[in-house]
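Encoded as structure tokens, the structure appears first; notes follow it.
Read-outs: derived from the displayed coordinates by stated rules, not from any lab. Everything quoted here is computed from the prediction, not taken from an experiment. Every residue, glycine among them, receives a Cβ derived from its backbone with ideal geometry; neighbour counts consider all protein chains shown.
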């Protein structure tokens, strides 16, 4: 036993083994805090616009210049605008209020019910007033795992015309990963409402 205590190679081996054991025990502890998720960077262009002008629609407005008209029926104001770089749509519908036999308030309530059908998948919903010299409206922002993160309803001050625009992806999305894009498109929707000109 005395031999082992005085044998320097053996003592060196015990020292190295002890150091390895200490590193192994302390180094195998897991990080007690979850790490934040990383999302790919989305490079967004400067806001530039083009004019929507369909002879079947009694209005014009501006929409992002990277959008293309995907559906534009010859006898209807029902329109889809596709934004290929980010794979989302604006679906636009129009109501002539006097011709519909319903009040503006009734149309707005029907649209609100459509928006609230998403509520089962929402964490919460926000409403924002929209106003320009040519009309008033609302934007609904839907937070959660839904395909339609924002909806707009906008009408003239005489309660003659009403535009409804749904901003949607083809499938439900993780809004955390797309938050910069959603905020960017919300600005475009606000610009669209502010640029409406009735005719």
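Quick look at the numbers
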{"read-out": "Length released on extending from residue 136 to residue 160, taking residue separation times 0.36 nm less the Cα-Cα span", "value": "7.4 nm"}
{"read-out": "Alpha carbon Rg of the stretch 74-156, scaled by the compact-globule rule 2.2 N^0.38 Å", "value": "1.20"}
{"read-out": "Approximate spin-label separation residue 109-residue 84, in nm, with each point projected 7 Å along Cα-to-Cβ", "value": "4.4 nm"}
{"read-out": "Highest-first arrangement of 41-50, 99-108, 144-153, 190-199, where packing means the average Cβ count within 10 Å", "value": "144-153, 190-199, 99-108, 41-50"}
{"read-out": "Contact order relative to length of the stretch 51-198, as percent, for alpha carbon pairs under 8 angstrom and 6 or more apart", "value": "24 percent"}
{"read-out": "Inter-centroid distance (Cα atoms) of the stretch 40-55 relative to the stretch 145-172, Å", "value": "17 Å"}
{"read-out": "Gyration tensor (Cα) of the stretch 51-198, equivalent ellipsoid semi-axes in angstrom", "value": "23, 18, 14"}
